[in-house]
Amino acid sequence: MAAQTLTYRDNAAKCRADADAATLDNVRDRNLRAEAAWLAMADRQERTDTARAEREANVTPRQDTQ
C-alpha cells in the first residue's frame with residue numbers, strides 16, 4: 001500500500017501549505033493538527049505494510065499429509 005502512504009503524505013503536505021498560508025490562528029492550528037493526523041496515518045500504514053511483508057516472508061508452506 002505504498003500508494004496509500006504517498007496519498008497520506010501528500011495530504012499532510014497540503015495541510016502544511018494551507019497552514020503556512022493561513023492568516024487566522026484557528027485555521028493555521030486546524031491545518032497543523034490535520035497535518036499531524038495525516039503523518040500519523042502514513043507512519044501507521046508503513047508499519048503495517050512492513051509487518052505484513054515480514055509476516056508473509058516468514059510463512060512456511062503447508063504440506064498436506066494424506
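The values are calculated or read from the model by the stated rules, or taken from the named source; none is laboratory data. Remember, predicted model here, so these are calculated numbers, not experimental data. Note: ideal-geometry Cβ built from the backbone for every residue, glycine included; neighbour counts use all protein chains shown. Quick note on the areas: whole protein, heavy atoms, side chains included, nothing else; ligands and nucleic acids left out. Shrake-Rupley method; radii C 1.70, N 1.55, O 1.52, S 1.80 Å.
Structure notes:
- Condition met for Ala21 (among the small types (Gly, Ala, Ser) and open to solvent by less than 70 Å² (accessible area, probe 1.4 Å)): no
- Residues that are loosely packed, with under 13 Cβ neighbours inside 10 Å and not charged (D, E, K, R), drawn from region 24-33: Leu24, Asn26
- Scanning region 13-66 for residues that are among the hydroxyl-bearing types (Ser, Thr, Tyr) and more than 20 Å from Ala3 (Cβ to Cβ) returns Thr23, Thr60, Thr65.
- Taking the listed residues Asp49, Asp43, Asp10, the one that is without any contact (Cβ under 8 Å) to a residue 60 or more places away in the chain, assigned to a helix (DSSP H, G or I), open to solvent by 90 Å² or more (accessible area, probe 1.4 Å) and in contact with a helix residue (DSSP H, G or I) (Cβ under 9 Å, 6 or more places away or on another chain) is Asp10, with no other qualifying.
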